1. Determine whether region 187-206 contains at least one residue that is open to solvent by 10 Å² or more (accessible area, probe 1.4 Å) and among the hydroxyl-bearing types (S, T, Y).
2. Would you be able to tell me the number of residues in region 103-114 that are under 27 Å from L288 (Cβ atoms) and either open to solvent by 20 Å² or more (accessible area, probe 1.4 Å) or part of a strand (DSSP E or B) (or both)?
3. Provide a single number: the residues in region 80-102 that are outside any helix (DSSP H, G or I) and away from the ligand (no atom under 16 Å from the Cβ).
4. Just give me the residues in region 368-395 being touching a helix residue (DSSP H, G or I) at 6+ places or on another chain (Cβ under 8 Å), not hydroxyl-bearing (S, T, Y) and not in a strand (DSSP E or B), in sequence order.
5. Being among the hydroxyl-bearing types (S, T, Y) and either within 16 Å of the ligand (Cβ to nearest atom) or in contact (Cβ under 8 Å) with a residue 60 or more places away in the chain (or both) is the filter here; which residues of region 139-188 pass it?
6. Of all residues in region 64-98 being under 16 Å from the mean Cα position of the chain (by Cα) and closer than 19 Å to T279 by Cα, which is surrounded by the fewest Cβ atoms within 10 Å (Cβ to Cβ)?
7. Would it be correct to say that A136 is small (G, A, S), free of Cβ contacts under 8 Å to residues at least 24 places away in the same chain and surrounded by fewer than 22 Cβ atoms within 10 Å (Cβ to Cβ)?
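The values are calculated or read from the model by the stated rules, or taken from the named source; none is laboratory data. Since we're looking at a predicted model, the values are computed, not measured. As a convention, Cβ positions derive from the backbone with ideal geometry for all residues, glycine included, and neighbour counts pool all protein chains shown. Ligands, DNA and RNA are excluded from the accessible area calculation, which covers all protein heavy atoms including side chains. Shrake-Rupley method; radii C 1.70, N 1.55, O 1.52, S 1.80 Å.
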Amino acid sequence: MSDLARTRADFPILHQQVNGKPLVYLDNGATSQKPRAVIDALVRYYERNNSNVHRGLHALSMRATDAYEGARTRIANFIHAADPAEIIFTRGTTESINIVARSWAHAHLKPGDVILTTEMEHHSSLVPWQQAAKAAGATLKYIPVLGADAEGGLDYAALDTLLTPAVKLLAFTHISNTLGTINDAAELCRRARAVGAVTLIDAAQSIGHAPIDVQSLGCDFLVFSGHKMCGPTGIGVLYGRRALLDKLAPDETGGGMVVTVTYEGANWKPSPERHEAGTPNVADAIALGAACDYIDAIGREAIAAHDHHLGAVAMEQLSAIPGIRIIGPRLGQPRAGLVSFAFPDVHAHDIVTFADEDGLALRGGHHCNQPLMRKLGLTSTTRASFYFYNTEQEIGVLVASLRRIQKFFAG
Ligand code: C6P
């Protein structure tokens with residue numbers, strides 16, 4: 001058995017037929033599949049250790065607390081955070097961004113301040129900043145996405161005029177879920193720091209696809225979802241520098257995060273408890289720790305190389321289909337393992353529905369990037385997004401399916 005076949009054998013879901021054809025799962029940008037090790041971690045927790053954490057003195061509660069805090073340490077290590085207290089468990093990227101947009105922005109923004117983001121943000125990293133800017137009387141500005149030859153790259157030259165001392169926060173996606181652009185996160189953080197701005201990286205599409213080191217990136221906040229890195233849904237992370245998190249007002253209040261409560265008021269524990277009111281998502285946090293182990297056993301450098309290789313093969317083969325428009329960076333430019341494309345006469349929803357007949361799982365639509373789509377003169381694209389368990393053979397299935405669909409619609 002090849003290494004890839006062995007890896008695929010770890011994913012029970014991949015071994016099934018859809019519409020009478022072998023499943024070809026190319027919707028990893030939306031969510032990744034789960035290896036047996038992660039599923040087992042969930043089952044083991046519920047069968048042997050299930051209990052509430054931080055509250056009980058009995059054996060099960062202590063075991064559950066150790067496993068939950070162990071997962072926090074594992075995740076801190078996964079992104080090279082200096083301290084496990086810098087890891088706040090949330091429901092996912094969206095909730096993590098909303099916490100910063102409400103708590104941090106509320107405390108730090110005033111009229112005339114600027115939040116800077118990019119034109120390629122997912123709605124989850126766009127709408128919360130619109131709301132925060134409105135609430136504070138601040139302005140939201142965008143780093144443009146380049147068109148023409150450099151399609152899909154950020155206009156770094158525009159930073160010279162955009163990054164002024166009025167910018168209090170620079171929030172940007174590490175990898176665009178629609179274009180596949182890989183942004184130079186370390187450079188963006190460095191430039192922001194030079195004007196005293198706080199930085200937030202949306203790592204939803206990069207976590208589990210490449211090594212992430214928050215200290216060398218030099219970011220203040222970094223957010224991600226567990227479900228895109230082989231972990232369960234309903235669990236994600238807000239990483240923040242300890243000095244920021246310990247001062248940040250809690251977004252939610254309740255049990256577990258308080259030191260003293262009287263009828264008149266309460267005061268808060270330091271991070272992480274301060275930001276985790278109520279019973280946390282213990283099982284999914286533990287399984288996310290198992291996902292870190294699984295991914296690191298494969299190796300994130302190897303995963304990135306495999307993703308990029310499949311992305312390049314797909315770009316090359318899809319480019320040969322007449323009439324196709326592929327958006328995002330050209331072949332040879334920094335590009336993640338995903339390809340978004342459009343045909344002039346076939347709607348993306350039709351492509352996804354027809355491709356499903358061939359066992360393919362693709363995503364079609366605006367990918368929560370409506371303003372970017374409008375800028376590109378599109379309403380939707382079809383997206384194939386790869387992960388370490390995908391094969392070149394599966395790209396062959398995609399290309400054959402697209403040719404069949406094109407022929408059908410050509411009449
Ligand atoms: N993108 C996609 O198919 P949540 O839903 O909270 O786990 O992640 C939101 C999110 C934030 N930022 C980026 C860059 C993302 O790609 C996503 C999720 C999925 O592209 C679902 S829309």
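1. Checked against the condition, which is being open to solvent by 10 Å² or more (accessible area, probe 1.4 Å) and among the hydroxyl-bearing types (S, T, Y), region 187-206 yields no hits at all.
2. If we filter region 103-114 for residues that are under 27 Å from L288 (Cβ atoms), which is where we start, we get 103-105.
Filter once more, keeping what is either open to solvent by 20 Å² or more (accessible area, probe 1.4 Å) or part of a strand (DSSP E or B) (or both): none.
The number of residues fulfilling the criteria is 0.
3. Let us first name the residues in region 80-102 that are outside any helix (DSSP H, G or I), namely 80-83, 87-92.
The next check asks that each one be away from the ligand (no atom under 16 Å from the Cβ); those that pass are 80-83, 87.
Total meeting the criteria: 5.
4. Hits for region 368-395 are C368, N369, Q370, F386, F388, N390, E392, I395.
5. At the first step, the residues of region 139-188 found to be among the hydroxyl-bearing types (S, T, Y) are 139, 142, 156, 161, 164, 173, 176, 178, 181.
Passing the criteria: Y142, T173, S176, T178, T181.
6. As a first pass, look at region 64-98 and keep what is under 16 Å from the mean Cα position of the chain (by Cα): 75, 78-79, 87-98.
Pick out the ones that are also closer than 19 Å to T279 by Cα and you get 87-92, 95-96.
Working: I87: 24, I88: 26, F89: 24, T90: 25, R91: 16, G92: 21, E95: 19, S96: 30.
If we take residues in region 64-98 being under 16 Å from the mean Cα position of the chain (by Cα) and closer than 19 Å to T279 by Cα, then R91 is surrounded by the fewest Cβ atoms within 10 Å (Cβ to Cβ).
7. Working: small (G, A, S): yes; free of Cβ contacts under 8 Å to residues at least 24 places away in the same chain: no; surrounded by fewer than 22 Cβ atoms within 10 Å (Cβ to Cβ): yes.
It is false that A136 is small (G, A, S), free of Cβ contacts under 8 Å to residues at least 24 places away in the same chain and surrounded by fewer than 22 Cβ atoms within 10 Å (Cβ to Cβ).
Listed here are the residues, each with its yes/no results for (1) among the basic types (K, R); (2) without any contact (Cβ under 8 Å) to a residue 24 or more places away in the chain; (3) in contact with a strand residue (DSSP E or B) (Cβ under 6 Å, 6 or more places away or on another chain).
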| site | (1), (2), (3) |
| --- | --- |
| V53 | no, no, no |
| D66 | no, yes, no |
| R72 | yes, no, yes |
| F89 | no, no, no |
| E95 | no, no, no |
| V114 | no, no, yes |
